[in-house]
Amino acid sequence: MTPQKKIEILQHLIQIPSVNDHETEVADYLAGLFAPYPQAQVEKVPYAPGRDNLVVTIGGAGPQLGLSGHMDVVAPGDTSAWHHDPFGGEVVGDQLFGRGASDMKSGLAAITIAMLEFLEQGTPLKGSVRLLATVGEETGEYGAATLTDAGYADQLAGLVIAEPSGLNQVVYTARGVIDYKVVSTGKSSHSAEPEKGINAIDNLMQFYNAVGPLMAKHTEEDPVLGHLLHNVDLISGGEQINSIPAHAELMANMRTIPATPNQVIYDELEGLIAKLNQQDGVDLKLTYSYPEEAIPGDPNAPLVQLAKQISEEVCQQPAHVVGSGGANDGAEFLRAKADFTSIEMGPGSDTSHQADEYISITEYLQAITVYEKLVPAFFDQLQG
């Protein structure tokens with residue numbers, strides 16, 4: 001495949017506005033690229049209407065390596081802040097612009113092209129390679145959850161997620177996430193007669209004032225990821241200035257570490273809610289949104305070190321083994337029956353989720369080479 005064709009595939013992906021939805025159009029395009037190769041097993045796995053995951057498996061008997069990327073992107077935001085069409089895939093010099101250019105359609109395109117070139121060149125593989133293209137990563141990893149629950153990761157011997165770490169970084173561990181909401185239900189009344197109502201804001205503030213000190217008791221610290229993070233980021237309540245509020249709610253974001261499993265946090269939050277609800281008039285309800293466990297890892301794991309070695313060989317620069325403060329699809333895939341190492345390594349820039357997001361074309365093309373070298377080396381490593 002020519003470099004120009006590889007660039008055109010990425011441009012086409014960016015031109016599909018899969019903003020937190022409509023991933024099926026991306027899946028259909030990628031599936032079409034594999035259509036000339038009957039030996040490729042192509043499956044669409046639905047999550048919701050218009051939101052199909054894509055699984056493509058090539059190769060033969062032996063261990064299986066997963067290559068994963070998500071098909072959704074975040075919204076472009078204020079388009080007047082962009083100097084390039086967010087969905088144009090415009091090339092200027094060595095930079096290709098567009099929403100998802102970094103996060104992470106360049107990584108998705110690179111792993112797809114690596115597999116296509118194996119097929120095109122008839123590369124013999126000592127195992128199978130499985131593309132796991134997911135929906136909904138930006139809003140909750142629910143595409144990866146769907147594939148994991150359906151067993152598509154149960155045979156993996158390793159997993160490479162092409163998130164935009166930059167090719168000079170191999171991410172082997174990552175924070176988990178807990179997004180939660182607390183809703184306080186009270187009773188409205190005229191503010192001149194507060195005794196006839198129940199102030200939902202007052203009751204919610206009891207939780208707010210207690211949860212911070214409760215979470216601060218967690219002093220465990222990961223040498224790479226740091227300590228537990230807890231932030232209340234949204235609070236709303238009330239209807240008008242002269243009415244006792246009957247409704248109030250808050251939303252908080254937590255970033256967890258392997259030393260503090262999510263279940264520990266669930267137990268503490270639910271215990272606090274139960275305690276406060278024992279008071280007369282207090283009615284608090286707690287819900288979670290797509291929580292993810294932290295990803296533990298071993299910096300000396302064979303796949304981690306192999307990825308580092310190959311990146312350095314291809315890119316001719318040092319690569320570093322690091323952790324990530326953000327969650328990724330690996331948290332879901334690691335729930336599978338198989339026991340495997342999951343890493344993040346992919347092309348990227350520091351413009352993810354920003355206006356004028358871009359990727360270096362040089363790095364994008366290097367990423368394809370990295371994956372094409374990593375796959376057979378991984379199989380050789382496992383088989384001695």
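The values are calculated or read from the model by the stated rules, or taken from the named source; none is laboratory data. Bear in mind that the values here come from a model prediction, so they are computed numbers and not experimental data. When we count neighbours, we look across all protein chains shown, and the Cβ atoms used for this are built from the backbone with ideal geometry, even at glycine. Surface areas here come from the heavy atoms of the whole protein model, side chains and all, with no ligands, DNA or RNA. Shrake-Rupley method; radii C 1.70, N 1.55, O 1.52, S 1.80 Å.
Before moving on, here are some points about what is shown:
- If the condition is being crowded, with 24+ Cβ neighbours inside 10 Å, part of a loop (DSSP other than H, G, I, E, B) and among the β-branched types (V, I, T), then the stretch 96-136 contributes only V135.
- Residue in the stretch 181-194 that is touching a Leu at 6+ places or on another chain (Cβ under 8 Å), crowded, with 18+ Cβ neighbours inside 10 Å and not in a strand (DSSP E or B) present: no
- Qualifying residue in the stretch 238-246 (condition: at pLDDT below 95, within 27 Å of S324 (Cβ to Cβ) and of a type in the set (D, E, K, R)): no
Yes or no, residue by residue, for (1) under 20 Å from G140 (Cβ atoms); (2) of a type in the set (V, I, T):
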{"site": "T287", "(1), (2)": "yes, yes"}
{"site": "Y290", "(1), (2)": "yes, no"}
{"site": "A294", "(1), (2)": "yes, no"}
{"site": "P299", "(1), (2)": "no, no"}
{"site": "Q305", "(1), (2)": "no, no"}
{"site": "R335", "(1), (2)": "yes, no"}
{"site": "F340", "(1), (2)": "no, no"}
{"site": "D350", "(1), (2)": "no, no"}
{"site": "H353", "(1), (2)": "yes, no"}
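- Hits in the stretch 330-384 - residues which are within 16 Å of A319 (Cβ to Cβ) and in a loop (DSSP other than H, G, I, E, B): M345, G346, P347, G348
- The set of residues from the stretch 1-54 being among the aliphatic types (A, V, I, L, M), more than 25 Å from D149 (Cα to Cα) and open to solvent by less than 70 Å² (accessible area, probe 1.4 Å) comprises M1, I7, I9, L10, L13, I14, I16, L33.
- Here L225 passes the criteria (1) open to solvent by 40 Å² or more (accessible area, probe 1.4 Å); (2) in contact with a Ser or Thr (Cβ under 9 Å, 6 or more places away or on another chain); (3) under 29 Å from V322 (Cβ atoms) except the one numbered (1).
- Test: L303 is in contact (Cβ under 8 Å) with a residue 60 or more places away in the chain, surrounded by 16 or more Cβ atoms within 10 Å (Cβ to Cβ) and under 23 Å from L132 (Cα atoms): yes
- Of all residues in the stretch 220-258, those satisfying the criterion of being among the hydrophobic types (A, V, I, L, M, F, W, C) and out of contact with any Leu (no Cβ under 9 Å at 6 or more places or on another chain) are V224, L225, L228, L229, I241, I244, A246.
- Residue match in the stretch 103-125 (condition: touching a residue at least 12 places away in the same chain (Cβ under 8 Å), farther than 22 Å from T369 by Cβ and hydrophobic (A, V, I, L, M, F, W, C)): no
- The selection criterion, being among the β-branched types (V, I, T), surrounded by fewer than 24 Cβ atoms within 10 Å (Cβ to Cβ) and either more than 16 Å from the chain's Cα centre (by Cα) or not in a strand (DSSP E or B) (or both), holds for T139.
For (1) of a type in the set (S, T, Y); (2) open to solvent by 30 Å² or more (accessible area, probe 1.4 Å), each residue gets a yes or a no:
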| site | (1), (2) |
| --- | --- |
| D202 | no, yes |
| N209 | no, yes |
| M215 | no, no |
| E220 | no, yes |
| H230 | no, yes |
| L234 | no, yes |
| S243 | yes, yes |
| A259 | no, yes |
